[in-house]
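One structure is given below, encoded as structure tokens.
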Amino acid sequence: MNEKVMPLPAVSGGVSEVSKNEASFGEYNPKRFIFVFMDLNNKCNLRCRMCHFSHDLKSVPSVTMSLKLFEKIAEQVFPKATQINLSCGAEPLIIPDFHDYLRIVKKYRVPVVGIVTNGTKLNEAIITAMLETDVTNIEISIDGATKETYEKIRCGANFEKVTKNISLLQDMKKRAGRRIPCLHLNYTLMRSNLYEFPEFLRLSKRLNADSVRATHLIPFKSLNIINESLGLYREETNKVLNESRSLAKELGLSVIMPLNFDLNKQESKELLFNKPNCRIPNFSLCIISDGRVIPCAWFPLKEWCVGNFQIQNFDEIWHGEIYKKLREQFKLSIYPDDCKNCPVWGDEILQNYSFVEKERKDVFNFSPDPV
């Protein structure tokens, strides 16, 4: 099998430094043009300090997408998909029969199939399933280079266990003669782990990661984490980022990281439209575990639910009135207010992004509203 290192897949969060083409989801392919973002469940086994799962979610019912619903979506959507992300905010590897979902995906030969995970539940059986079903990318989120920092941020995780799981993945790939799934490591930059980022790059090199992506913390309200935002520590952040760029080049490591702060300009106090090249309604389909759909993972579900695969088909949703109206507006660079201060990486001017607290209601996969 002729395998190549796959680029980092498109993601749904984090202000970072990428190209205009990536920000606008690349060239249009009439046969495979959809980027699918899915959460197969709405739970996580960790309570990371900066994550929406650290809110009290006891009142939110647990919902795992049934295989029957997944097969319906796969049949209608996956032949049109250029990329599928099987997780957005939840932890997919806690689903007991996760391998069955992967086997369904394989039938449709989607060019890029990605999984985002915290890596704590990665094991031999799951890795075997990923190898057998040709998963192309696995992104593992690690927010510290030391046990103390990592476990303080990622509450409930064990540093040695996660790095051991990553080593197992790389060893099993080597023994199978496979380059995929490519390993991409994610790092949420904040005050508590800023100075460990260079060491994290060294750790990533030792783990033979294909790339690293560092993004700014998105401070959710009520988590009392706004003081961790690097928008408050601009000069020292720039120093660490400069050091890290030089180190990445020395290590030969592919790294995506935030732009430097412009110390001569003040952060905008007004929330602005900071993604002038976004065309997400033309390409994006975000599906939550109960089958409901929104155009963008950062649109509030109550206001932007465009359909439900439990009771509708793809054509009804994709060509529905909300999608059509959004496409017309985006073509004219007319954006809804929910596009202001977009946290998704892309072709932004960093000074047009405001490091302010974000409401949890904006996180699409935790609405307890009934179908």
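The values are calculated or read from the model by the stated rules, or taken from the named source; none is laboratory data. This one's a predicted model, so the numbers in the text were calculated from it and none came from an experiment. FYI the Cβ positions are ideal-geometry reconstructions off the backbone, even for glycines, and counts take in every protein chain you see.
Taking every residue in the range 198-212 that is buried (at least 21 other Cβ atoms within 10 Å of the Cβ) and pairing it with any residue that is among the small types (Gly, Ala, Ser) and assigned to a helix (DSSP H, G or I), at least 6 positions away or on another chain, the pairs with Cβ-Cβ distances below 8 Å are LEU201/SER244; LEU201/ALA248; VAL212/SER204; VAL212/ALA248.
Would you check if there is a residue in the range 223-233 being more than 23 Å from CYS44 (Cβ to Cβ), out of contact with any His (no Cβ under 7 Å at 6 or more places or on another chain), small (Gly, Ala, Ser) and free of Cβ contacts under 8 Å to residues at least 40 places away in the same chain? Within the range 223-233, not a single residue is more than 23 Å from CYS44 (Cβ to Cβ), out of contact with any His (no Cβ under 7 Å at 6 or more places or on another chain), small (Gly, Ala, Ser) and free of Cβ contacts under 8 Å to residues at least 40 places away in the same chain. Is there a residue in the range 167-186 that is touching a strand residue (DSSP E or B) at 6+ places or on another chain (Cβ under 7 Å), farther than 21 Å from ILE126 by Cα, crowded, with 18+ Cβ neighbours inside 10 Å and in contact (Cβ under 8 Å) with a residue 40 or more places away in the chain? The answer is no; no qualifying residue exists. Taken over the range 234-247, residues that are touching a helix residue (DSSP H, G or I) at 6+ places or on another chain (Cβ under 6 Å) and crowded, with 17+ Cβ neighbours inside 10 Å amount to 4. Of the helices (runs of 4 or more DSSP H) that lie entirely inside the range 296-371, those containing 1 or more residues that are modelled with pLDDT of 90 or more and of a type in the set (D, E, K, R) span 314-318, 321-331.
Within the range 321-337, the set of residues being of a type in the set (Gly, Ala, Ser) and either farther than 15 Å from LYS275 by Cβ or surrounded by 12 or more Cβ atoms within 10 Å (Cβ to Cβ) (or both) is empty.
Among the numbered conditions (1) touching a residue at least 60 places away in the same chain (Cβ under 8 Å); (2) under 16 Å from GLY320 (Cα atoms), the only one that VAL293 does not meet is (1).
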